[in-house]
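*Asks:* Can you keep this structure in mind? I'll have questions shortly.
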Amino acid sequence: MSVTIKTPEEIEKMRVAGRLAADVLHMIREHVQPGVTTDELDRICHDYIVNEQKAIPAPLNYRGFPKSICTSVNHQVCHGIPSDKVLKNGDVVNIDITVIKDGFHGDTSKMFPVGTVNTAAERISRVAKECMLIGIDMVKPGVQLGDIGFAIQRHAEKQHCSIVREYCGHGIGREFHEDPQVLHYGQPGTGYTLQEGMCFTIEPMVNIGKRQVKLLPDGWTVVTKDHSLSAQWEHTILVTADGYEILTIRPGDEP
Ligand code: MF3
Ligand code: CO
Ligand code: CO
């Protein structure tokens, strides 16, 4: 499909969907504790989205995905399927929330430490967040996606971390995944040129070891080939006349 430019009415709906997705991440934080299963986190988020927000959890049945959220623990890169796996002290988990409200999608994820985590886990979470924020802060009309990918990759590699190449950010709106693809690596002066009214995600996956990944036999869970730690953060962004608006900002977490 091609890139969609949102009308003012559509932008208002994207703001609502983005706020709801952010609210789910805010709500779930107190439940991310040693001893909880990722299935329990999935159930709490599902019930909140459906019963409180009157919204739809977009992952559920998306291309056959069996749950309402993604939970990716430690060396899992993305698309982890909630299960009876118990989170233990020292784990780090990415929770990725996508909701549909009034026909529009909001998509956001963050890392959560489980109890007390070691410095490597803290470091990879911090570097991935910095990569996302560096990319977001470049967003304005006229900037090319290759400029953003280059800056994200440069930051990760300066920190001796690596960027996953097989998965990327994406346009978002009535569809979960729209054009353009938003790569988290690249060359300046290349790629799609941003225009006012576009909405897309920036969601770098950053590994503390090598960048190579593999897909588990469940057909969804992506893990690092070398079993090194991986981290990811994601926001949904609107391109405004002179910059950007983050549609998935959480209460009290403005960057
Ligand atoms: N939320 C993910 C993203 O950021 C996509 C998850 S697809 C699913 O694009 F099927 F695994 F839910
Ligand atoms: Co996304
Ligand atoms: Co997501």
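The values are calculated or read from the model by the stated rules, or taken from the named source; none is laboratory data. On a predicted model such as this, the values are computed, not experimentally measured, just so you know. Note that we place each Cβ from the backbone using ideal geometry, even for glycine, and neighbour counts take in every protein chain shown. In case anyone asks, the SASA skips ligands and DNA or RNA and just uses the protein heavy atoms, side chains included. Shrake-Rupley method; radii C 1.70, N 1.55, O 1.52, S 1.80 Å.
*Asks:* If you take the residues of region 41-74 that are away from ligand 3 (no atom under 16 Å from the Cβ) and part of a helix (DSSP H, G or I), which of them is surrounded by the most Cβ atoms within 10 Å (Cβ to Cβ)?
*Replies:* Filtering first and then ranking leaves Tyr48.
*Asks:* Here is a further query. Within the set of pairs 6 or more residues apart or between chains, which connect a residue that is more than 19 Å from His177 (Cβ to Cβ) inside region 231-248 to a residue that is more than 13 Å from ligand 1 (Cβ to nearest atom) and of a type in the set (Lys, Arg) with Cβ atoms less than 7 Å apart?
*Replies:* As it stands, the answer is Asp242/Lys140; Gly243/Lys140; Tyr244/Lys140, since those pairs meet every condition given.
*Asks:* Only residues that are touching an Asp or Glu at 6+ places or on another chain (Cβ under 8 Å) and either crowded, with 24+ Cβ neighbours inside 10 Å or aromatic (Phe, Trp, Tyr) (or both): list them for region 75-100, please.
*Replies:* Ile97, Thr98
*Asks:* Please work out which one of (1) more than 15 Å from ligand 2 (Cβ to nearest atom); (2) among the β-branched types (Val, Ile, Thr); (3) closer than 26 Å to Arg165 by Cβ is the condition Val77 fails and give its number.
*Replies:* Failed condition: (1).
*Asks:* When both residues are 6+ apart or on different chains and their Cβ atoms are under 9 Å apart, which pairs have a first residue that lies in region 173-190 and is more than 15 Å from Ile148 (Cβ to Cβ) and open to solvent by 20 Å² or more (accessible area, probe 1.4 Å), and a second that is more than 16 Å from ligand 3 (Cβ to nearest atom) and among the charged types (D, E, K, R)?
*Replies:* As it stands, the answer is Arg174/Glu10, since those pairs meet every condition given.
*Asks:* Please go through region 7-40 and give me each residue that is open to solvent by less than 40 Å² (accessible area, probe 1.4 Å) and more than 21 Å from the chain's Cα centre (by Cα), ordered by number.
*Replies:* Correct list: Val36 only.
*Asks:* Tell me which of these Glu122 doesn't satisfy, since it passes every other one: (1) free of Cβ contacts under 8 Å to residues at least 60 places away in the same chain; (2) on the phi < 0 side of the Ramachandran plot; (3) assigned to a loop (DSSP other than H, G, I, E, B).
*Replies:* With (1) free of Cβ contacts under 8 Å to residues at least 60 places away in the same chain; (2) on the phi < 0 side of the Ramachandran plot; (3) assigned to a loop (DSSP other than H, G, I, E, B) applied to Glu122, the lone miss is (3).
*Asks:* Which residues, counting only those in region 226-255, are under 23 Å from Thr119 (Cβ atoms) and touching a strand residue (DSSP E or B) at 6+ places or on another chain (Cβ under 6 Å)?
*Replies:* Matches in region 226-255: Ser228, Ser230, Ala231, Gln232, Trp233.
*Asks:* Moving on to the next point. Working only within region 55-95, note down all residues that are free of Cβ contacts under 8 Å to residues at least 24 places away in the same chain, more than 28 Å from Gln212 (Cβ to Cβ) and out of contact with any helix residue (DSSP H, G or I) (no Cβ under 8 Å at 6 or more places or on another chain).
*Replies:* Listed by number, the list holds a single entry, Asn61.
*Asks:* Criterion first (more than 16 Å from ligand 2 (Cβ to nearest atom), of a type outside the set (Asp, Glu), modelled with pLDDT of 95 or more and under 22 Å from Ile28 (Cα atoms)) does Val99 satisfy it?
*Replies:* Against the criterion (more than 16 Å from ligand 2 (Cβ to nearest atom), of a type outside the set (Asp, Glu), modelled with pLDDT of 95 or more and under 22 Å from Ile28 (Cα atoms)), Val99 does not qualify.
*Asks:* I would also like to ask the following. Out of the strands (runs of 3 or more DSSP E) lying entirely within region 169-214, which hold 3 or more residues that are within 16 Å of ligand 2 (Cβ to nearest atom) and either touching an Asp or Glu at 6+ places or on another chain (Cβ under 9 Å) or within 21 Å of Lys158 (Cβ to Cβ) (or both)?
*Replies:* Qualifying strands (runs of 3 or more DSSP E): 169-171, 199-202.
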